[in-house]
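The values are calculated or read from the model by the stated rules, or taken from the named source; none is laboratory data. Because the structure is predicted, anything quoted here is derived from the model rather than measured. Cβ placement follows ideal geometry from the backbone for every residue including glycine, while neighbour counts extend to all protein chains displayed. With ligands, DNA and RNA removed, areas are computed over all heavy atoms of the protein, side chains included. Shrake-Rupley method; radii C 1.70, N 1.55, O 1.52, S 1.80 Å.
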Amino acid sequence: MNALVGFCKTETSLIIDTTMFNQWPDMENGDFSFLIGGEAGAGIARAGFLFAKACMRGGLHVFGTNDYQSLIRGGHNFYVARVSDREVFSQMDFVHLIIALNSETVVLHRNKLVPNGGVIYDKDDLSQTREEPNSSVKFYPVPMRRIVIEELKEPHNLIIMNSVALGAATAVTDYDLNLLAELLKETFKPEIAETNIKAARIGYNYIKEHFEANFEHKLRKMAQTKSPRIFLNGNEAVGLGALKAGCKLYVSYPMTPTTGLLHFMASNERDFNMVTIQPEGEIAAINMAIGAAYAGVRAMTATSGGGFCLMSEGLGMSGMTETPIVVMVGQRPGPSTGLPTYTAQGDLRFVIHASQGEFPRIVIAPGDFEECFYETVRAFNWAEKYQLPVILLTDKYVLESEVSAERFDMDKVTIERGLVIRDSYTESRVYGRYEVTETGASPRAIPSTAGAIVRANSDEHDEFGLVTEDPAVTTTMCEKRMRKLYYVKREIEERNIETTKFYGSEEAEATIISWGSTKGPIKEALRLLSAEGKNVNFLQILYLHPFPKAKVEEAMNKARKTAVVENNNTSQLSSLIRDHVLRKVDHKILKYDGRPFSPIMLAERIKEVL
Amino acid sequence: MVSLQDLNTSKKITWCPGCGNFGIIAAFKGALVELGLERERVVVVSGIGCHGKMADYVNVNSFHGIHGRVLPVATGIKLANSGLTVFGFSGDADCYDEGWDHFCHAIRRNVDITLIVHNNMVLGLTTGQTTATSQTGFRTKSTPFGAAVPPLNPIAHAIVSHGTFVARGFSGDPKHLQGLIVQAARHRGFGYIDVFQPCVTFNYLNTYEWFRQRIYKLEETGHDAGNRWKALEKSFEWGDRIPIGIFYKEERPTFNDNFPQLKDKTLEGMQIDKVNVDLILQSMS
Ligand SMILES: Cc1ncc(C[n+]2csc(CCOP(=O)(O)OP(=O)(O)O)c2C)c(N)n1
Ligand code: SF4
Ligand SMILES: [Mg+2]
């Protein structure tokens with residue numbers, strides 16, 4: 001019985017009560033969350049993006065994330081964003097303002113509203129009218145539909161309702177309508193932009209005329225200090241990294257949550273003199289990338305777990321032929337089709353072990369948007385220097401959430417291609433693509449190099465790439481390939497490359513250990529705990545393979561108590577730690593409902609294990 | 001320019017004596033000499049099967065990949081560097097079974113490469129099972145009661161997939177095959193040649209004799225290779241008389257032509273250490 005209770009205890013069984021809101025230190029300090037919801041097809045993600053970006057333009061920090069279902073029309077979508085005067089790393093558990101484009105939005109999210117929160121909804125939608133006589137919630141009925149049909153004369157364009165709603169939200173929060181108008185102008189074609197700006201103005205004026213200006217949670221613009229921030233999602237951060245790294249062939253078959261990267265690369269291919277291909281499937285994708293990489297081009301593919309299953313054989317071929325490629329895997333809940341548009345961290349073991357036989361690979365799990373950018377560039381460098389596949393392990397939460405980030409520092413980026421021979425090979429000995437070297441990486445002649453015949457082979461092969469079944473050569477070649485990981489580790493040490501990151505003070509009641517996109521909610525939860533006087537620190541593992549054993553061991557030695565936080569059911573990171581460090585972690589905080597952790601809920605669960 | 005001797009490798013050839021692959025390799029080497037290509041600018045991509053050993057036996061650049069994936073690898077190479085002349089060598093199981101989904105797509109893309117399929121109508125290297133082109137009733141260890149379903153018609157498929165160079169050769173006539181390979185390589189676009197390649201060990205049915213009794217050359221009958229419908233009609237000819245030669249040929253933009261960013265440039269030749277992403281950053285701010 002008890003075991004069963006423990007097993008079923010996920011976050012959803014915790015009820016938020018309003019006392020939790022009061023614990024939150026930023027409640028009075030310019031921390032504001034809004035939620036906009038409606039049917040799929042109502043432009044919810046776009047509307048959320050626009051309002052969030054308008055906040056960024058006003059100097060505020062923003063984190064936005066969307067929740068949508070795997071369907072095109074109907075269903076319920078929402079976008080929730082947190083706006084603050086300090087950097088924010090995740091969404092919040094509660095919201096101050098609900099912008100409801102359908103009644104379901106209010107029904108589903110009413111319990112997340114803070115005291116004195118507000119609800120903007122369609123005045124004429126009777127199913128939505130839910131005034132609560134004795135509550136502190138402020139209701140803002142706006143005749144959105146009627147405005148679109150009668151004032152704007154756009155009865156066939158009801159999607160414009162969301163611009164009316166955004167205008168209304170701007171007025172309720174006493175924000176700057178010009179910022180929103182500017183963004184609408186940049187986003188749409190001129191005529192469409194004009195209609196939407198008009199819609200926003202009408203919504204704005206309606207609030208100003210019909211309601212008192214007594215909404216407690218106002219948005220105040222802030223002066224920006226440094227160069228303007230950028231608003232982007234994880235897919236775009238990876239895409240920028242790939243372009244910056246000189247990725248010249250991107251091949252990918254659409255699969256949520258990586259499709260955004262395909263769109264990003266395709267829209268930039270001409271400006272960046274690169275090629276983006278949507279092939280007949282993931283098997284073709286990885287094989288095309290490998291072909292191009294063999295011919296000397298930086299190439300990349302991306303997919304989610306299902307597509308990665310299909311890529312497994314190709315992944316091994318990259319390892320065996322020593323052809324450098326970068327593969328981004330964007331996790332979503334499995335098994336099989338699972339929850340296509342939600343988030344998970346269930347593929348850690350899979351990507352580390354995928355494909356038959358033994359070959360070296362590197363697995364990096366960026367935890368935030370900056371890491372998405374810098375680690376993508378680095379992935380290409382590792383791939384080429386050590387001539388192996390590099391996997392960027394991400395998920396829906398980091399790829400499709402959006403954040404206002406500082407501009408990436410291009411001076412921090414270097415391009416390292418390793419041992420490449422171009423144009424002509426002049427040594428007296430015959431060129432051998434798989435020459436046995438100390439580091440395991442051989443000088444890589446690019447086909448068309450005069451004097452070099454370049455043979456890549458997925459069969460076991462000798463130094464010249466010719467097939468062999470000889471036991472001695474087989475042993476030598478296996479060791480040559482596997483040796484690379486040792487030299488990768490050595491380079492990491494020598495250059496002091498951050499394979500883990502540590503947050504918080506050395507002395508703490510407990511150490512959280514985690515990887516990937518849980519980073520944001522964890523950082524927020526720790527802030528919350530520290531406001532309560534609870535000191536917890538956090539070890540983020542950025543490189544999962546090769547595993548940074550020494551650093552994890554050191555952190556565990558110093559920890560009074562350890563807890564692993566993961567979006568999966570079996571705590572795959574705990575098992576990796578057990579493998580490498582030969583130790584058990586004390587606690588596991590797991591969540592596998594397709595939704596990311598959120599700060600208060602996570603803080604509560606951390607408190608339980610303190 | 002390359003000579004026949006330059007094309008030999010140190011590898012001992014392990015095909016069965018009399019295997020049809022000998023005719024194909026002779027035709028291919030002859031074609032390379034005839035085409036006057038430099039060895040360093042030629043890439044052979046081969047699949048898995050007896051045919052796959054081509055990569056080991058011809059002394060040019062090569063990529064010996066996994067089963068069924070010759071075409072995507074070759075496509076990637078050609079996209080990366082259009083200055084390379086790429087030849088794919090695949091088997092009937094490699095191309096028409098395991099790799100079938102790539103076949104129609106590579107053809108309709110009109111990737112500027114040459115594909116030579118060693119069609120012995122049997123899985124050779126796995127010791128003789130039926131493939132997509134095995135004749136109905138063909139008995140093997142995996143089909144002891146005879147293959148039940150009719151074979152695929154790859155030539156017809158190539159034509160309806162907008163193939164721009166669709167041909168069939170016979171390894172028992174290497175001179176004729178060499179001519180086809182030279183034309184396919186010179187063709188701007190996807191040069192496809194299905195080659196009847198007798199497997200003397202596992203195919204008791206489709207022997208040299210069997211082919212010799214049936215095949216005739218399209219070019220000797222005044223066949224109009226510019227006529228898609230006539231080509232399609234010819235592709236269905238099977239039985240007592242089986243045509244070889246060029247079924248269909250047309251000019252159409254190649255896959256690389258679709259990318260203005262590749263005009264007079266190759267991806268491989270692009271400088272990558274000074275990429276400037278400021279414009280995108282600006283649009284995001
Ligand atoms: C993914 C995969 N499945 C199966 C095999 C086993 N296998 C080796 S060769 C071959 C087929 C060879 O037939 P074909 O392509 O016609 O070539 P042939 O030997 O007749 O030249 C197969 C199935 C493999 N290597 N890889
Ligand atoms: S098994 Fe058949 S195809 Fe393979 S080498 Fe022998 S004869 Fe040739
Ligand atoms: Mg065969």
Within the bounds of the stretch B:209-223, is there any residue that is in contact (Cβ under 8 Å) with a residue 24 or more places away in the chain, within 16 Å of ligand 3 (Cβ to nearest atom) and touching a Phe, Trp or Tyr at 6+ places or on another chain (Cβ under 9 Å)? yes
Can you tell me which residue in the stretch B:81-102 is farthest from ligand 2 (Cβ to nearest atom), limited to those that are in a helix (DSSP H, G or I) and out of contact with any strand residue (DSSP E or B) (no Cβ under 7 Å at 6 or more places or on another chain)? B:Asp101
Where A:Asp409 falls short, out of the listed (1) closer than 20 Å to A:Tyr294 by Cβ; (2) open to solvent by 20 Å² or more (accessible area, probe 1.4 Å); (3) within 12 Å of another protein chain (Cβ to nearest Cβ): (1)
What pairs can you find where one residue is in the stretch B:20-31 and under 13 Å from B:Ala55 (Cα atoms) and within 14 Å of chain A (Cβ to nearest Cβ), the other is within 13 Å of ligand 1 (Cβ to nearest atom) and open to solvent by less than 10 Å² (accessible area, probe 1.4 Å), and their Cβ atoms are less than 9 Å apart, with a gap of 6+ or different chains? none
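Go through the stretch B:65-80 and report how many residues are in a helix (DSSP H, G or I) and either open to solvent by 10 Å² or more (accessible area, probe 1.4 Å) or more than 7 Å from every other protein chain (Cβ to nearest Cβ) (or both).
Of all residues in the stretch B:65-80, those in a helix (DSSP H, G or I) come to B:70-80.
Next, from what is left, pick out any that are either open to solvent by 10 Å² or more (accessible area, probe 1.4 Å) or more than 7 Å from every other protein chain (Cβ to nearest Cβ) (or both): B:70-71, B:78.
Within the stretch B:65-80, residues that are in a helix (DSSP H, G or I) and either open to solvent by 10 Å² or more (accessible area, probe 1.4 Å) or more than 7 Å from every other protein chain (Cβ to nearest Cβ) (or both) number 3.
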Among the numbered criteria (1) within 14 Å of ligand 1 (Cβ to nearest atom); (2) facing chain A (nearest Cβ under 9 Å), which one does B:Gly83 miss? (1)
State whether one or more residues within the stretch A:207-217 are touching a His at 6+ places or on another chain (Cβ under 8 Å), away from chain B (no Cβ under 13 Å) and open to solvent by less than 10 Å² (accessible area, probe 1.4 Å). no
Pairs please, first residue from the stretch B:97-123 and closer than 24 Å to B:Phe138 by Cα and away from ligand 1 (no atom under 13 Å from the Cβ), second anywhere and assigned to a helix (DSSP H, G or I) and open to solvent by less than 10 Å² (accessible area, probe 1.4 Å), Cβ atoms under 6 Å, 6+ apart in sequence or on different chains. none
Filter the stretch B:140-152 down to residues that are surrounded by fewer than 18 Cβ atoms within 10 Å (Cβ to Cβ) and either within 16 Å of ligand 2 (Cβ to nearest atom) or within 19 Å of B:Gly169 (Cβ to Cβ) (or both), then give me how many there are. 3
Which residue is least open to solvent (accessible area, probe 1.4 Å), if the candidates are limited to the stretch B:124-139 and must be near ligand 1 (Cβ under 8 Å from one of its atoms) and within 16 Å of B:Val200 (Cβ to Cβ)? B:Gly124
Among residues belonging to the stretch B:33-64 that are more than 7 Å from chain A (Cβ to nearest Cβ) and part of a loop (DSSP other than H, G, I, E, B), point out the one that is surrounded by the fewest Cβ atoms within 10 Å (Cβ to Cβ). B:Gly36
The helices (runs of 4 or more DSSP H) lying wholly within the stretch A:488-604 that contain at least 1 residues that are modelled with pLDDT under 95 are A:519-531
What are the residue pairs meeting all of these: first residue in the stretch A:178-198, first residue touching a residue at least 24 places away in the same chain (Cβ under 8 Å), second residue open to solvent by 100 Å² or more (accessible area, probe 1.4 Å), Cβ atoms under 7 Å, and 6 or more apart or on different chains? A:Ile197/A:Lys185
When B:Ala106 is evaluated against the numbered criteria (1) under 16 Å from the mean Cα position of the chain (by Cα); (2) in a loop (DSSP other than H, G, I, E, B); (3) away from ligand 2 (no atom under 16 Å from the Cβ), which criterion, by number, is the only one it fails? (2)
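Listed here are the residues, each with its yes/no results for (1) farther than 25 Å from A:Trp382 by Cβ; (2) more than 8 Å from chain B (Cβ to nearest Cβ); (3) part of a helix (DSSP H, G or I); (4) of a type outside the set (A, V, I, L, M, F, W, C).
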| position | (1), (2), (3), (4) |
| --- | --- |
| A:Arg429 | yes, yes, no, yes |
| A:Gly432 | no, yes, no, yes |
| A:Gly440 | no, yes, no, yes |
| A:Ala452 | no, no, no, no |
| A:Asp459 | yes, no, no, yes |
| A:Gly465 | no, no, no, yes |
| A:Glu469 | yes, yes, no, yes |
| A:Thr474 | yes, yes, yes, yes |
Would you tally the residues in the stretch A:45-81 being among the basic types (Lys, Arg) and more than 22 Å from A:Thr187 (Cα to Cα)? 1
Take B:Thr85 and tell me if it is more than 16 Å from ligand 3 (Cβ to nearest atom), under 14 Å from the mean Cα position of the chain (by Cα) and surrounded by fewer than 24 Cβ atoms within 10 Å (Cβ to Cβ). yes
Based on what the data block shows, is A:Thr439 β-branched (Val, Ile, Thr) and in contact with a helix residue (DSSP H, G or I) (Cβ under 6 Å, 6 or more places away or on another chain)? yes
Has the stretch B:130-148 got any residue that is closer than 30 Å to B:Glu38 by Cβ and either within 16 Å of ligand 3 (Cβ to nearest atom) or modelled with pLDDT under 95 (or both)? no
Taking the stretch A:62-111 and keeping residues closer than 19 Å to A:Tyr140 by Cα and surrounded by fewer than 19 Cβ atoms within 10 Å (Cβ to Cβ) leaves A:Ser103, A:Glu104, A:Val107, A:Leu108, A:Arg110, A:Asn111
When B:Lys53 is evaluated against the numbered criteria (1) over 17 Å from the mean Cα position of the chain (by Cα); (2) within 16 Å of ligand 3 (Cβ to nearest atom), which criterion, by number, is the only one it fails? (1)
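This table checks each residue for (1) away from ligand 1 (no atom under 16 Å from the Cβ); (2) open to solvent by 40 Å² or more (accessible area, probe 1.4 Å).
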| site | (1), (2) |
| --- | --- |
| B:His162 | yes, yes |
| B:Val166 | yes, no |
| B:Tyr204 | no, yes |
| B:Thr207 | no, yes |
